[in-house]
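Peer 1: Here it is, the structure, as structure tokens.
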Amino acid sequence: MAGVASPKVARFAANHDRTCAEFLAGIPGTMGGALAMNAGCHGGETWQFVERVLMLDRRGTLIERAPDDFAVGYRHVGLKTATDEIFAAAWLRFPPGDGQASRQRITELLERRIATQPLQLPNAGSVFRNPPGDHAARLIEAAGLKGMAIGGARVSEKHANFVVNPDGVARAAEIETLIGQVQARVKEMFGIELVREVRIVGASR
């Protein structure tokens, strides 16, 4: 189901001697989000392993669809012929392999995340997509923006592609403004337009 946590799918696959799902352990969200954004890390992407999906439209109708019904790209997935459907479930197929090795790989990936990302602070994950041939975090750090803050929102000192809310008081408008200023500064200094990976829902106030 779309509400299952991505790391749980990684562990389930490993416990059933399936491989290549380990990357899902590094995605802090649900499979619905992973499907909607073709989430990926460490060389793996969600839609590499999708056989078919179950969609739900605004009328409450369930529809099975194949990967060919979607335009799939880097951190983007869109239906070719409809716009009013959401992901309800998916059928994934991972190749057979060494479950013990997969579990060890999951442990290593999680340790790496803890060491390099600000997981102890409230955040929404990576803010920007990596531009071709580069990394958003490198550009943000090179622009001198680590630690930049607006109100309660701050660019993480640990990983520059994260906006954190260390005191739990940041307003959505402050986070959105900070994201915009980071984009503007990187564009000014390097001529590169950072594209948001996070999706902002609702109107600014």
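The values are calculated or read from the model by the stated rules, or taken from the named source; none is laboratory data. Remember, it's a predicted structure, so these values are computed and weren't measured experimentally. Note that each Cβ is placed from the backbone with ideal geometry, even for glycine, and that neighbours are counted across all protein chains shown. Heads up: the accessible areas ignore ligands, DNA and RNA and are worked out on the full protein's heavy atoms, side chains in. Shrake-Rupley method; radii C 1.70, N 1.55, O 1.52, S 1.80 Å.
Peer 1: Please calculate how many Å² of accessible area the stretch 9-163 carries per residue, with a 1.4 Å probe and no DNA, RNA or ligand atoms counted.
Peer 2: 51 Å²
Peer 1: Could you tell me the calculated FRET efficiency between Asp98 and Lys8, based on Cβ-Cβ distance and R0 = 25 angstrom, to the nearest 0.05?
Peer 2: Efficiency for this residue pair is about 0.80.
Peer 1: Give the cross-link partners of Lys80 among the lysines, using a straight C-alpha distance below 26 Å as the criterion and excluding same-chain residues fewer than 8 apart.
Peer 2: Those lysines meeting the cut-off do not exist here.
Peer 1: Between the DSSP loop rule and a limit of at most 16 other Cβ atoms within 10 Å, which trypsin sites (Lys or Arg not before Pro) in the stretch 81-121 are left?
Peer 2: When the trypsin sites (Lys or Arg not before Pro) of the stretch 81-121 are filtered for loop state and at most 16 Cβ neighbours within 10 Å, Arg93 remain.
Peer 1: Within a Cβ distance under 9 Å of Asn38, other residues only, what is the Lys/Arg minus Asp/Glu net charge?
Peer 2: After counting each charged neighbour, the total is 0.
Peer 1: FRET efficiency for Glu64 and Asp84, Cβ-Cβ distance as r, R0 = 25 Å, nearest 0.05?
Peer 2: Rounded to the nearest 0.05, the efficiency is 0.95.
Peer 1: Cut-off 10 angstrom, C-alpha nodes, Gaussian network model of the chain. Which of Thr116, Thr19, Thr61 fluctuates the most?
Peer 2: For the chain, modelled as a Gaussian network with Cα springs under 10 Å, the answer is Thr61.
Peer 1: Now for a separate question. What fraction, in whole percent, of alpha-carbon pairs in the stretch 16-56 exceed 16 Å separation?
Peer 2: 32 percent
Peer 1: Given q = 0.07, 0.11, 0.17 Å⁻¹, what are the Debye log10 I(q)/I(0) values for the chain, with equal point scatterers placed on the Cα positions and solvent ignored?
Peer 2: -0.24, -0.59, -1.22
Peer 1: How large is the helix-only mean residue ellipticity at 222 nm for the chain, computed as the sum of -39500 (n - 2.57) over DSSP H runs with n ≥ 4, divided by its residue count, in deg cm²/dmol to the nearest 500?
Peer 2: Calculated mean residue ellipticity at 222 nm is -9500 deg cm²/dmol.
Peer 1: Pick from Ala170, Ala25, Ala39: which is most flexible by mean-square fluctuation in a GNM of the chain where alpha carbon atoms under 10 Å apart are linked?
Peer 2: Its mean-square fluctuation being the largest, the pick is Ala170.
Peer 1: How much of the accessible area of the chain, probe 1.4 Å, is carbon plus sulfur, in whole percent?
Peer 2: 52 percent
Peer 1: In terms of the Cα gyration tensor, with a ≥ b ≥ c the square roots of its eigenvalues, is the stretch 67-163 rounded because a/c is under 1.5, prolate because a/b exceeds b/c, or oblate?
Peer 2: Verdict is oblate for the stretch 67-163.
Peer 1: Rounded, prolate or oblate: which fits the stretch 114-174 when a ≥ b ≥ c are the square roots of the eigenvalues of the alpha-carbon gyration tensor, with rounded for a/c under 1.5 and prolate only if a/b beats b/c?
Peer 2: prolate
Peer 1: Could you pull out the GluC sites (Glu not before Pro) across the stretch 115-205 that fall in loop regions by DSSP (anything but H, G, I, E, B) with no more than 16 other Cβ atoms inside 10 Å?
Peer 2: Hits after loop and neighbour filter: Glu157, Glu193.
Peer 1: Further question: Is the stretch 11-95 rounded, prolate or oblate when judged by the Cα gyration tensor, a ≥ b ≥ c being the square roots of its eigenvalues, rounded requiring a/c under 1.5 and prolate requiring a/b larger than b/c?
Peer 2: Prolate shape, in that a/c is at least 1.5 and a/b is the bigger ratio.
Peer 1: In the neighborhood of Pro122, defined by Cβ-to-Cβ distances under 14 Å, what is the net charge if each Lys or Arg adds +1 and each Asp or Glu adds -1?
Peer 2: Surrounding charge for Pro122 is +1.
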